[in-house]
Structures are given as structure tokens and as C-alpha cells.
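Just so it is clear, none of the values below were taken in a lab; they were calculated from the coordinates. This structure is a prediction, so every number in the text was calculated from the model and none was measured. With ideal geometry, Cβ positions are generated from the backbone for all residues, glycine too; neighbour counts draw on all protein chains shown.
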Amino acid sequence: MTEAQALQKFNEAKDLLHRAQQVYAQAEKALQAASYSSPGQHFASGTDSEADATQKPMLTDY
């Protein structure tokens, strides 16, 4: 692999990482919005400073 090819692969990987971070941020916001807009759900306390999926019950817990 030439240096130019390696640089191209690196840039592609960097672009994919950036896109993944954007998708993650959107999912995090959607999860947070869903948590706060569902009154009566025990995980919608309104005190979370950030959406933390590890602290939320899974759908299979119901």
C-alpha cells in the first residue's frame, strides 16, 4: 500500500468515525427526549444530566 493509499484509507476511517459520532449524538438526544416525554415511566426522573443508556431499563425488562 502506498502512502497515498494509506492516507486515503485513514481519511475514510476518520469520516466514518465522524459520521458514527453524529449518529450516536442523535440517538443520545432521541433517547433523552423519549425519557423525558414519557410521564409515568420510572426511568424518566428528569434529574439525569445526560442520557446514559447503561442506566435505563431495556424494553425486555417490562
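Here are the numbers:
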{"item": "Full-extension gain in nm, Glu28 to Ala4, via 0.36 nm per residue minus C-alpha separation", "result": "5.1 nm"}
{"item": "Burial order of peptide ranges 4-12, 29-37 (average beta-carbon count within 10 Å, highest first)", "result": "29-37, 4-12"}
